[in-house]
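Written out below as structure tokens is the structure these notes cover.
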Amino acid sequence: MPSKEVNGMYRMPAEWEPQKSTWIAWPHNHMDWPGKFSEIPWVFSKIITKLSKVQSVNILVKDKVDLKKAKLFLRVSGAKIKNIRLLICKTDRAWTRDFLPIFVKDRMKRNILSKWEFNGWAKYKNFKNDNKAFLKVNKSKKFKVIKPKYRKKKIVLEGGSIDVNGSGLILTTMQCLLSKVQQRNKGFKKNDYNKIFNKFFGTRKIIWLNKGIQGDDTHGHVDDIARFVGKNKIFMATEKNKKDKNFKNLKENIEIIKKFKRKNEEKFKIIYVPMPKPKFMDGIRLPASYLNFYIANKIVLVPSFNDPKDKIVLKIFRKHFKNRQVVLIDSSVLVWGFGTIHCLTQQEPK
């Protein structure tokens, strides 16, 4: 339940709260996985298959040809077809976490689509189809849609840049939302986001981490470095190798969390999750992180990287998700697209 201190018009439920379905887009942009695309539909199929066994899955496909392809892949993968709905909808990419609407609850506890602006992570020019995909989501179920504005300006925000505990706290990074270089919302300060997030997500406090991980082309998305896994529990990415480029930034983020906890007398517990060994493709550092997991109703899908730490991380997740099955999804090739499981999923709460 939301905190008594939360007085916004809406509340964003935590990911572990009961879900009605998961929204995903079928992969089709070969340039996101150059030279490796043929392997990607199988990874998506495994993710969708696992989800279909426990809840409904809505899949956006770009055309009728891809619709047939998706059906074939899913049948071969053993998906529970009756729990899957395919919708034809043009998208530029498959990272629904960032361009689909974020589901929130109004004061009557009804699902509302909050449609934030998407600008291709202030990096890519082909994002117009992604930015319009909400129309298909809305047409399919007729939700009420809100388009958050602040000072009469539309607000650019990606789902991967925030994480909530559903009870008034939200995680984000200064690198993503406050950097003048990245240009999400020019001129916005911390206090502006305090007002925005309070009104549209029902948050009372923002935990401002500093920077994200190396290889993240979204400019510091928080879903690679820190995630709420309970109202009073946070998973934090940590790097022990002092020579790794992530060491300093991740250590600093942990200190920020500790300081916030002391200053605000919050009672949440910090759980440290190791980073996998650095992964590269064609000499490019990739944003491989175990924290890009997705919590569904009865399962937790966790990216793995053919790394010795996969087993260590599996034990950590099983310890803290005792009421859910923890499933590792080999994301060694998937991460070549600069994202993994959380980036390609978006939850619809019950």
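The values are calculated or read from the model by the stated rules, or taken from the named source; none is laboratory data. Computed from a predicted structure; not experimentally measured. As a convention, Cβ positions derive from the backbone with ideal geometry for all residues, glycine included, and neighbour counts pool all protein chains shown.
Among the residues of the range 250-273, which ones are touching a residue at least 24 places away in the same chain (Cβ under 8 Å), more than 23 Å from the chain's Cα centre (by Cα) and closer than 19 Å to residue 320 by Cβ?
266, 267
Considering the range 76-89 alone, what residues qualify as being surrounded by 12 or more Cβ atoms within 10 Å (Cβ to Cβ) and under 15 Å from residue 42 (Cα atoms)?
Scanning the range 76-89 gives 77, 78, 79.
Does residue 326 satisfy the criteria of being over 27 Å from residue 217 (Cα atoms) and buried (at least 18 other Cβ atoms within 10 Å of the Cβ)? Walk me through it before giving the result.
Values: over 27 Å from residue 217 (Cα atoms): yes; buried (at least 18 other Cβ atoms within 10 Å of the Cβ): yes.
For residue 326, the condition - over 27 Å from residue 217 (Cα atoms) and buried (at least 18 other Cβ atoms within 10 Å of the Cβ) - is met.
For the range 258-266, indicate whether the set of residues that are out of contact with any Asp or Glu (no Cβ under 6 Å at 6 or more places or on another chain), in a loop (DSSP other than H, G, I, E, B) and not polar (S, T, N, Q) is non-empty.
Taking the range 258-266 first, the residues out of contact with any Asp or Glu (no Cβ under 6 Å at 6 or more places or on another chain) are 258-266.
After this cut, where a residue has to be in a loop (DSSP other than H, G, I, E, B) as well, the list is 265-266.
Add one more test, that the residue is not polar (S, T, N, Q), and what stays is 265-266.
Yes, the range 258-266 has at least one match.
Here's a check for you: in the range 299-323, which residue that is touching a residue at least 12 places away in the same chain (Cβ under 8 Å) and in a helix (DSSP H, G or I) is surrounded by the fewest Cβ atoms within 10 Å (Cβ to Cβ)?
In this case the residue turns out to be 312.
Filter the range 125-146 down to residues that are outside any helix (DSSP H, G or I) and touching a residue at least 12 places away in the same chain (Cβ under 8 Å) and give me whichever is surrounded by the most Cβ atoms within 10 Å (Cβ to Cβ).
That would be 133.
Within the range 90-99, does at least one residue satisfy the condition of being free of Cβ contacts under 8 Å to residues at least 12 places away in the same chain and either over 16 Å from residue 342 (Cα atoms) or hydrophobic (A, V, I, L, M, F, W, C) (or both)?
Within the range 90-99, none of the residues are free of Cβ contacts under 8 Å to residues at least 12 places away in the same chain and either over 16 Å from residue 342 (Cα atoms) or hydrophobic (A, V, I, L, M, F, W, C) (or both).
Which is among the hydrophobic types (A, V, I, L, M, F, W, C), within 22 Å of residue 210 (Cβ to Cβ) and under 14 Å from the mean Cα position of the chain (by Cα), of 177, 171? Break it down stepwise before answering.
Working: 177 fails: under 14 Å from the mean Cα position of the chain (by Cα).
Of the residues listed, the single one that is among the hydrophobic types (A, V, I, L, M, F, W, C), within 22 Å of residue 210 (Cβ to Cβ) and under 14 Å from the mean Cα position of the chain (by Cα) is 171.
Which condition number does residue 122 fail, the rest of (1) in contact (Cβ under 8 Å) with a residue 60 or more places away in the chain; (2) under 21 Å from residue 19 (Cα atoms) being met?
Failing condition for residue 122: (2).
Residue 259 passes all but one of (1) under 26 Å from residue 315 (Cα atoms); (2) modelled with pLDDT of 95 or more; (3) surrounded by fewer than 18 Cβ atoms within 10 Å (Cβ to Cβ); (4) not small (Gly, Ala, Ser); which number fails?
Status for residue 259: all satisfied but (1).
Kindly provide the set of residues from the range 274-298 that are out of contact with any helix residue (DSSP H, G or I) (no Cβ under 6 Å at 6 or more places or on another chain), part of a strand (DSSP E or B) and either touching a residue at least 60 places away in the same chain (Cβ under 8 Å) or surrounded by 23 or more Cβ atoms within 10 Å (Cβ to Cβ) (or both), ordered by number.
Result: 284, 285, 295.
Only one of these is under 16 Å from residue 12 (Cβ atoms) and in contact with a Pro (Cβ under 7 Å, 6 or more places away or on another chain): 202, 215. Name it.
Of the residues listed, the single one that is under 16 Å from residue 12 (Cβ atoms) and in contact with a Pro (Cβ under 7 Å, 6 or more places away or on another chain) is 202.
Does the range 128-166 hold any residues that are modelled with pLDDT under 95 and hydroxyl-bearing (Ser, Thr, Tyr), and which are they?
The answer is 140, and nothing else.
Do the conditions hold for residue 247, that is, is it more than 17 Å from residue 230 (Cα to Cα), surrounded by 15 or more Cβ atoms within 10 Å (Cβ to Cβ) and over 19 Å from the mean Cα position of the chain (by Cα)?
Criteria met by residue 247.
Hey, any hits in the range 18-27 for a residue that's free of Cβ contacts under 8 Å to residues at least 40 places away in the same chain, surrounded by fewer than 17 Cβ atoms within 10 Å (Cβ to Cβ) and of a type in the set (Lys, Arg)?
Taking every residue of the range 18-27 in turn, none turns out to be free of Cβ contacts under 8 Å to residues at least 40 places away in the same chain, surrounded by fewer than 17 Cβ atoms within 10 Å (Cβ to Cβ) and of a type in the set (Lys, Arg).
Determine whether residue 341 is touching a Phe, Trp or Tyr at 6+ places or on another chain (Cβ under 8 Å), under 17 Å from residue 276 (Cβ atoms) and either crowded, with 20+ Cβ neighbours inside 10 Å or at pLDDT 95 or above (or both).
yes
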